[in-house]
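First the structure, in the form of structure tokens, and then the observations on it.
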Protein chains: 4
Amino acid sequence: MTQARAPRADAVRNRKKILTAAGEQITAHGPDVGMDEIAAAAGVAVGTLYRHFPTKTDLVAAVVAEFVARVADDAEAALARVSTGTPALDELTAFLSRVIEASVTDRAVKAAAQALGAEPGDRAAEDRAGAAVAALIHAGQADGDIHPDVTVNDIYLLFSTAPTDQPSVDRWLTLVVPGLTTQARPADS
Amino acid sequence: MTQARAPRADAVRNRKKILTAAGEQITAHGPDVGMDEIAAAAGVAVGTLYRHFPTKTDLVAAVVAEFVARVADDAEAALARVSTGTPALDELTAFLSRVIEASVTDRAVKAAAQALGAEPGDRAAEDRAGAAVAALIHAGQADGDIHPDVTVNDIYLLFSTAPTDQPSVDRWLTLVVPGLTTQARPADS
Amino acid sequence: MTQARAPRADAVRNRKKILTAAGEQITAHGPDVGMDEIAAAAGVAVGTLYRHFPTKTDLVAAVVAEFVARVADDAEAALARVSTGTPALDELTAFLSRVIEASVTDRAVKAAAQALGAEPGDRAAEDRAGAAVAALIHAGQADGDIHPDVTVNDIYLLFSTAPTDQPSVDRWLTLVVPGLTTQARPADS
Amino acid sequence: MTQARAPRADAVRNRKKILTAAGEQITAHGPDVGMDEIAAAAGVAVGTLYRHFPTKTDLVAAVVAEFVARVADDAEAALARVSTGTPALDELTAFLSRVIEASVTDRAVKAAAQALGAEPGDRAAEDRAGAAVAALIHAGQADGDIHPDVTVNDIYLLFSTAPTDQPSVDRWLTLVVPGLTTQARPADS
DNA sequence: TATGAATGAGCGTTCATTCAT
DNA sequence: CATGAATGAACGCTCATTCAT
């Protein structure tokens, strides 16, 4: 009985504007930006914002979900390249590096998500990312490069504990990648 | 010249109560606990809390400083054991493990310190810890067990990125320790 | 282009209620009344009060501005009567008397304005009042009744130093008016 | 520093120190200085301050009383000069001028007294001042210089309404003195 | 007695959320 | 539906006053 929804266009556009603005504001000013500021940045009134996202937690969850969707896309692209011959370990570490670099910029998103205990909110995107990462891991294990006990959860664990300031990221990757592989860290790495 | 100040007894006891309560409250409810709640948990009035710590930032810094002092004690004890023959790498990883386990309990302290930009406040304790850790690293490098480029900052980096939930800690240590060493992670680790 | 804004009605009414209540509360309890008390007296929540006046200083400035606007109206009315034949000195002293009587009721407004260093906020009203008073003075000087060196600032000076308790006002006017005129105070004044 | 027991001497010295410090602090920082700051400036603990003055109002009253005592001294000196031939009107206006100049510096004291509704507290000094001023007025009236209906209360009224900023004081005296005399303000005054 | 630590009501202000328009 | 005014609990912090030492 849910009939034709004519005003969908506006609603969809508003939702997009709000998500974009929320991402920008949280990134720029931290997770404590006021809802009023987000609404103003989106060019809507607070009421509209609450129509789309009943609580601040929901809004942050949606912002996080967008990030997860981009991660899933990235993981699937990496997997596609592996199927054309690139070594899976290289793709996995490059993927790890890209995601973490991105989360430096979006650092507040992570903080916000944790601070507010936001639910992921987009199980589908998470599943897509998980499947692609699992496939990368398996391919690397088949190559003998990735340590046999590594799982998707290990990658998630590293995501969730990555440093949030740019200069630390490279060193952290250097320290962390050997644990995923079958090789010792070279003396000059 | 160094007179015993009689009325200090209460004040000292209150300071202790406040620090303890602050640690507990921040751990339990995050860095955003109200000062009133901390005061209530300590069994004092807010004014008393502000007499001891002029701002919330100061209070959080003091809580963090206490934690740092305990870490310094731990590092020095580990270093002492190395000088009696224990392998330095074992002591370093055990130390890492202990500190991180402890910071799981005190997890919010870290978040609080970052959130509020709290100054360490106790440079001496930090220096003590740094010196002991540096000595541990050098001993391990002399043994040929610890990778030659590892520094104290690497250990700090790992501290600051350690997971904050209990079950993840062990696995995380497994993944992270190989980066500190000259050896690959064994297939069955 | 000049659209009627429907939802403004409530806001306008609230603003009025707040200004009225603020004036009453400040008069009754001095410039240190709490914002909560003003809000309660106005029948709104504090937040509403802050929506209309971002700081306490702004609120006080608005209360003062209302008073200034009434003074300007009074001065202009007096000037109009002079142009129809009333002696300017009589109108000026009567105006002085009226404003000061009014400021007895609104006494705290003055104190509040000074205490908070509030900006007038309504320069237009102040200019109107100043122009009308200047015209009154000039007319009285043309009549030969008002002392030739009297200026608008003298009137402001008297405003700002008027007594704030009712019984003193009449005597104070008796003492102060001769300084504005070309005549000595009569023996039986 | 703990001398032999001379309870009275210490107490008297402390009272003096507190009064001096209170006067300075209130003059320097306005009537809202904290009791702690006054105590610190006096070199005593708050408790001592409260031993001498049970409330802040009492302390301010005492500061005001000191000022009144100085005014009484001034008035009596003026009266003495009149008895040696100086015109009483000149002495009265000069006295008015001196007191008001002094109250510009001590302006915060007056503000504090009003703000706190402090009782004068030192009836004796007030009576002394009143008697001397009354005698000045009578002498001026005998000379035919001072208007016959002027009373001590008129002088008090002028004190209480004097401007508190330096530049205004001279002009204000010019405007106000004619009301006390039997003469019109000269055209070039 | 003097000390200064403790008290706690109160302050101005903020902000996630609700609801009349 | 969007709007934005209204709500009110909560926040960090202050300060006149009290009271144990």
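The values are calculated or read from the model by the stated rules, or taken from the named source; none is laboratory data. This one's a predicted model, so the numbers in the text were calculated from it and none came from an experiment. Cβ sites come from the backbone with ideal geometry, for glycine too, and all protein chains shown count toward neighbours. Remember, those area values only see protein heavy atoms, side chains included, never the ligands or the DNA or RNA. Shrake-Rupley method; radii C 1.70, N 1.55, O 1.52, S 1.80 Å.
A few notes on this one:
- Cβ-based net charge around residue B:175, under 12 Å, with every Lys or Arg adding one and every Asp or Glu removing one: -1
- Relative contact order [Cα under 8 Å, 6+ residues apart], the range C:8-54, whole percent: 37
- Summed buried accessible area for B+A [probe radius 1.4 Å, Å², rounded to 100]: 1900
- Closest approach of a chain B beta carbon to the axis mapping chain B onto chain C (residue, whole Å): B:36, 9.
- Isotropically averaged projected area of chain C, using the convex hull of Cα atoms (one quarter of hull area), nm²: 13.3
- Relative packing of peptides A:48-54, D:134-140 - highest average C-beta neighbours within 10 Å first: D:134-140, A:48-54
- The amide H of residue A:146, built 1.01 Å from its N in the peptide plane, has A:141 as neighbours under 5 Å, considering only residues 5 or more places off or on other chains.
- Contact-buried residues of the range B:157-175, at a threshold of 40 Å² lost accessible area versus the chain by itself: B:157, B:161, B:171, B:172, B:175 (1.4 Å probe; DNA, RNA and ligands ignored).
- For the range D:57-180, averaging the sequence separation of C-alpha pairs within contact (under 8 Å, six or more residues apart) and dividing by the residue count gives a relative contact order of 36 percent.
- Which listed pairs, of C:16/C:56; A:56/A:110; B:17/B:56; A:56/C:56, have C-alpha distances above 22 Å, in listed order: A:56/C:56
- Inter-copy spacing of residue A:35 label points, which lie 7 Å from Cα along Cα→Cβ, given in nm from shortest upward: 2.0, 2.7, 4.4
- Compared with the dominant Cα axis of chain C, that is its longest principal axis, helix C:166-176 is turned about 40°.
- Distances, shortest first, from the label point of residue D:20 to those at the same position in the other copies read 4.7, 5.5, 7.1 nm; the point lies 7 Å along Cα to C-beta.
- Computed about the Cα centre, the dipole magnitude for the range C:8-54 is approximately 380 debye when only Lys and Arg (+1) and Asp and Glu (-1) carry charge, each at its Cβ.
- Max mean-square fluctuation residue, GNM over chain A, Cα-Cα springs under 10 Å, options A:37, A:91, A:76: A:37
- Hydrodynamic radius (Kirkwood) for the range C:8-54, which is based on Cα pairs only, to one decimal in Å: 10.4
- Compared with the dominant principal axis of the Cα atoms in chain D, helix D:88-105 is inclined by about 30°.
- Per residue solvent-accessible surface (Å²) - the range A:8-54, probe of 1.4 Å: 57
- Shortest-first distances to equivalent copies, position residue B:47, nm, label 7 Å out along Cβ: 1.5, 3.1, 4.6
- Considering the range B:1-92 at the alpha-carbon level, its Rg and Dmax are found to be 17.7, 52 Å.
- Label sites at residue B:69 and residue D:143, each approximated as a point 7 angstrom past Cα along Cα to Cβ, lie 7.6 nm apart.
- Coarse-grained scattering of the protein assembly as shown at q = 0.05, 0.09, 0.11 Å⁻¹, given as base-10 log I(q)/I(0) from a Debye sum over alpha-carbon atoms: -0.50, -0.99, -1.21
- In degrees, nearest ten, helix A:8-29 long axis to first principal axis of chain A (Cα): 60
- Residue among D:130, D:47, D:85 with the largest mean-square fluctuation in a Gaussian network model of chain D, springs linking Cα atoms under 10 Å: D:85
- Taking only protein heavy atoms and a 1.4 Å probe, the accessible area of the protein assembly as shown is 55% carbon and sulfur.
- Projected area, mean over directions - the range B:120-189, Cα convex hull, nm²: 5.7
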